[in-house]
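Undergrad: One structure coming up, written as structure tokens, with questions to follow.
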Amino acid sequence: MSTEKIVKTQNVKEDSVALAVKMKQIHPKLFGLFCPFKYQLLKTENVLVPYLFMILDYETGRTDKLGTKPRRLGKTGQIGVVYDMNEKHAFHFDLYEDLALQESRIASVKSKLLEPKCSEHEAVNESIECAKWQYLRRSLYSIPDVTLSSKRLFYREAIELTLECRGQTYTKYAYKDHFAAENEHISGLKVRLNI
């Protein structure tokens, strides 16, 4: 029996509910009347999608040309970033929120474990650039120095949907956790920083 453990988010939705919510998002109605494109569901599979949660430290301010004096008139703080290691993109995570992670044995999880499509090093570098240019520059009106404070690999349980529309095949994910239900468009929200 395998004693290996993984860290994953808690499931709050049944498979049928998660699938219904995702299919409703996929089939938007034009002017509330009809959907111009119909997606046909070919197959579904339960999977665990890898993510990397990072806390990044940032610092702004002025130094002398040699960099020997400490920074003046600057700000320091932290920002949370979650990186999707399957679709390879980063998005902001509010540090005041709770991911509600739990440990589970691999043997007790019936979902297929997806392999990350990038290394942790690539994920950290892309997350630092994303935090620096997309989030912090807008909030602080300057380009800060950003360093990694901590990181943690975790998984989100989802239903992998294989869809077909107009002769092309698409893959989408219907997540079963509370994080997906509440924060599907988190990158569009105002960034709240821990200063």
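The values are calculated or read from the model by the stated rules, or taken from the named source; none is laboratory data. Just so we're clear, the structure is a prediction, and the values are computed from it rather than from any experiment. In this analysis, Cβ positions are derived from the backbone assuming ideal geometry, glycine residues included, and neighbour counts consider all displayed protein chains. Surface areas here come from the heavy atoms of the whole protein model, side chains and all, with no ligands, DNA or RNA. Shrake-Rupley method; radii C 1.70, N 1.55, O 1.52, S 1.80 Å.
Undergrad: Output the qualifying pairs, or none if there are none: Cβ atoms under 8 angstrom, residues six or more apart or on different chains, first residue in region 150-177 and open to solvent by 70 Å² or more (accessible area, probe 1.4 Å), second residue of a type in the set (Lys, Arg) and not in a strand (DSSP E or B).
TA: From residues that are open to solvent by 70 Å² or more (accessible area, probe 1.4 Å), the pairs are Lys172/Lys22.
Undergrad: Out of Lys151, Lys190, Lys117, Lys112, report the one residue that is more than 22 Å from Val47 (Cα to Cα) and at pLDDT 90 or above.
TA: Lys151
Undergrad: To continue, here is another question. If I ask for residues that are open to solvent by 20 Å² or more (accessible area, probe 1.4 Å) and either under 14 Å from the mean Cα position of the chain (by Cα) or closer than 18 Å to Ile55 by Cβ (or both), which ones from region 123-140 would you list?
TA: The answer is Asn125, Glu126, Ile128, Glu129, Lys132, Gln134, Ser139, Leu140.
Undergrad: Report yes if Lys43 is open to solvent by 100 Å² or more (accessible area, probe 1.4 Å), assigned to a strand (DSSP E or B) and either modelled with pLDDT of 85 or more or small (Gly, Ala, Ser) (or both), otherwise no.
TA: For Lys43, the condition - open to solvent by 100 Å² or more (accessible area, probe 1.4 Å), assigned to a strand (DSSP E or B) and either modelled with pLDDT of 85 or more or small (Gly, Ala, Ser) (or both) - is met.
Undergrad: For region 7-48, which positions are within 23 Å of Leu113 (Cα to Cα), of a type in the set (Ser, Thr, Tyr) and out of contact with any Phe, Trp or Tyr (no Cβ under 7 Å at 6 or more places or on another chain)?
TA: Ser16, Thr44
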